[in-house]
Amino acid sequence: MMESILSGRRRSSQQSTASIASVSIEILPEFGWSIGDERLFGPGTLFQGHVVVRCKEHSARATRLRMHFQGVEAMLTYDVGPGIIRTSSNQLFGVRHTLWKKLDDDDGLHAMTTYKFLFTIQMPFVQFPPSMNHDYYRCTYKLSAFLDPSLGYGEVPVMSQRCINYIPLTETRLLKAPLYLKDQKGRRKQIPSPNMPSVTVKLHSVEYLSGDTIQATICPKFTESSSSCNSYDYQVTMNLYQISSFSADSVPILSQLVETKSHHVEVQQDANGSNKSNEFRVGLKLKEDLPPSFEYSKIMTLTYKLKVKVYIKRRKTSFSLTAAMQSKSNEGSKKLKEMMTTLPWPSTAMSTFETDIVVGTLSRGVRAGQDLRDYTSYRSSEELPIPKFMKHIEYEDELPRYESTRLPSYTSEILVHPQQHGATITTGSIISGTSMEGIRSSL
């Protein structure tokens, strides 16, 4: 009996709240950066938008419109062992602001009317982790709007939420001198074949943007012991791994392959040529939506590692085939040649190279500024800058907003336009915390 009464009250509360208004959040498209159809915001950026309130029959019950902006990073819950669950969360910031407040009975929201409340947010010049949804980690920046009804009605607020895509400012640049990677096999004290050429990998940069191509130069080096006029096949495999580590752990929680590419190149050794003439380039294309590297989170760090494997195979040359076929009759020469071409390569060498790669967000030559600091660099005694709601100021000498459907009004602060079925829309600037006094006139 009691459960039926409580459920009935909840249903009546939801129905009465739904009859007050509907709320939505719109972000103006001229702010931030655009990547495809997405708008991105970062340190120091400013963005504006509207909280759209579409009033219904009981809109007079609304008393206040407030807005929250919150940034949260969290370690997603996962099982460490039998009966052991690990999770953690950290609030980056949290700010709130009142966009509108009812002061008296004449200052309420009118039924069947649509209102747009302007808000402006200034992001601090602080490096926060990027927006991302990882297997073990999540970082979100969320705008929330609440339309509060009067307490006397016992109703819940009407709520709307919208996530903001945030990216840090991570610089990228070219190296002043090429980086030559060392063969990891040499570190394991494995001696390569003396008859095979050695190889090194040369990089001009280890910092790239998402969507760029990692360029590497393969540099073969022929020794005196290797015979001249040999033909070598190079199979180059480039792999990019994304390494995720919790800040409190020394071992990565996840290392996954995000990009891979294989190249097959044939190099003909020239007896009179230099080693440089045998160099060739390979590339690895990065995805457009690859999250940037960051190591300034209190929960997780995200890095990348490039691994390059080079397989070298030497084929039988025409001289060796000719010498072998001279001892056979003309009838068996064709059969012998076909057999030799289908045999596996007589010798194979493999070299492995790896280096850390930074996925940034700023193009080469663009600098973020010396005042930019990671949010983890602020000590407990320092005040961490947080986003701010900026007050919208209208100047007396500012021209009213032009609309192609009507002449501008130089007297009214709030413009009202008739809509279908008797509804109206109110546009213009609503000063935060002030009443909705103004001239309400229709065409």
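Within a Cβ distance under 11 Å of Tyr241, other residues only, what is the Lys/Arg minus Asp/Glu net charge?
After counting each charged neighbour, the total is -1.
In whole percent, how big is the carbon plus sulfur part of the accessible area of the stretch 21-164, probe 1.4 Å, protein atoms only?
Here carbon and sulfur together make up 48 percent of the probe-accessible area.
With Cβ to Cβ distances under 10 Å as the rule, what net charge do the other residues near Ile299 carry (K, R +1; D, E -1)?
Numbers: positive: Arg138, Lys298; negative: Glu73.
Net charge in that neighbourhood comes out at +1.
Cβ under 13 Å from Val23's Cβ, Val23 left aside: what net charge do those residues give with Lys, Arg +1 and Asp, Glu -1?
The answer is +4.
Can you sort Ser205, Ser89, Ser247, Ser131 by 1.4 Å-probe accessible area, starting with the largest?
Result, largest first: Ser89, Ser247, Ser131, Ser205.
Considering only protein heavy atoms, with the full assembly of protein chains and a 1.4 angstrom probe, order Glu38, Glu207, Glu73, Glu279 by accessible area, largest first. Let's see the in-between values first.
Numbers: Glu38 100, Glu207 40, Glu73 0, Glu279 65 Å².
Putting Glu38, Glu207, Glu73, Glu279 in descending order of accessible area: Glu38, Glu279, Glu207, Glu73.
For the charge dipole of the stretch 21-164, defined by +1 on Lys and Arg C-beta atoms and -1 on Asp and Glu C-beta atoms about the Cα centroid, which residue among Asn133, Ser144, Thr87 has the Cα displaced farthest towards the positive pole?
Checked the options; the winner is Thr87.
Ignoring ligands, DNA and RNA, what accessible area per residue does the stretch 21-164 give at 1.4 Å, in Å²?
47 Å²
For the cross-link pairs Lys102/Lys391; Lys202/Lys261; Lys185/Lys298, which exceed 28 Å when the distance is taken from alpha carbon to alpha carbon?
Where the Cα-Cα span goes over 28 Å, the pairs concerned are Lys185/Lys298.
The values are calculated or read from the model by the stated rules, or taken from the named source; none is laboratory data. No experiment lies behind these values; they were computed from the predicted model shown. Please note: Cβ atoms are built from the backbone with ideal geometry, for glycine as well, and neighbour counts cover all protein chains shown. Only protein heavy atoms, including side chains, enter the accessible area calculation; ligands, DNA and RNA are left aside. Shrake-Rupley method; radii C 1.70, N 1.55, O 1.52, S 1.80 Å.
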